[in-house]
1. Take the range 1-17 and flag every residue that is more than 19 Å from ILE52 (Cβ to Cβ) and either touching an Asp or Glu at 6+ places or on another chain (Cβ under 6 Å) or open to solvent by 20 Å² or more (accessible area, probe 1.4 Å) (or both).
2. Of the numbered conditions (1) at pLDDT 85 or above; (2) in contact with a Ser or Thr (Cβ under 9 Å, 6 or more places away or on another chain), GLY140 satisfies every one except a single condition; which is it?
3. State all residues of the range 104-141 that are surrounded by fewer than 19 Cβ atoms within 10 Å (Cβ to Cβ) and within 12 Å of CYS71 (Cβ to Cβ); if no residue qualifies, say none.
Amino acid sequence: MGKSRFVVAFGDFIIDAPIGRRQAGALLSLLRVLYVDYLGAYRNYRGVVLNIGRFARRLAVRIVREFGIECREGTMFRDPCLVIYDVGLDIPPMVFRVGGDASFEDILREVLRRGFIDVVGDLHVEVTYVYRDGGRLRVGSDYFRVVVNGPDDIYIEYRDPDEE
């Protein structure tokens, strides 16, 4: 993904995409509109549990198409062109640059620092990968269990979907 990349975060989502600063700003605007619509639907239909996985899938496909993000051919979970983390936090709108070798722990630490968010205990994260498979756009998912024991002690445990 190059020497550096931009991360967009808002609401429940942290989005890691190979885009420039201007595209990141546009992506944040798009996310605000979609997220407000999502929250509006949540408020208007009490008792209805929205499928966040379906919402993240639609969001992923729309981002890839709207921003012309190229996805490399490859096997599952290898070189994704777009990663969306559903972290279940109330993140204020933010766009920031990270190094090309920044891990998710680094990104999460920066989001927590910038948003003045304090997390005590376990933070469960769902991650959506977008990549190409046989020439077609594919949205696949795996799961992380992110353990946060203070701002300097953040680590990830992977959960294998085949174990369920």
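The values are calculated or read from the model by the stated rules, or taken from the named source; none is laboratory data. Every value quoted in this text rests on a predicted model; they were computed, and no experiment measured them. Every residue, glycine among them, receives a Cβ derived from its backbone with ideal geometry; neighbour counts consider all protein chains shown. The area values use the complete protein model at the heavy-atom level, side chains included, leaving out ligands, DNA and RNA. Shrake-Rupley method; radii C 1.70, N 1.55, O 1.52, S 1.80 Å.
1. Scanning the range 1-17 gives MET1, GLY2, LYS3, SER4, VAL7.
2. Among (1) at pLDDT 85 or above; (2) in contact with a Ser or Thr (Cβ under 9 Å, 6 or more places away or on another chain), the lone unmet condition for GLY140 is (1).
3. ARG132, ASP133, GLY134, GLY135, ARG136, LEU137, ARG138, GLY140
For (1) among the acidic types (Asp, Glu); (2) closer than 20 Å to GLY140 by Cβ; (3) open to solvent by less than 40 Å² (accessible area, probe 1.4 Å); (4) modelled with pLDDT of 70 or more, each residue gets a yes or a no:
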| residue | (1), (2), (3), (4) |
| --- | --- |
| ILE19 | no, no, yes, yes |
| ALA26 | no, no, no, yes |
| ARG32 | no, no, no, yes |
| TYR35 | no, no, yes, yes |
| LEU39 | no, no, no, no |
| ARG43 | no, no, no, no |
| GLY53 | no, yes, yes, yes |
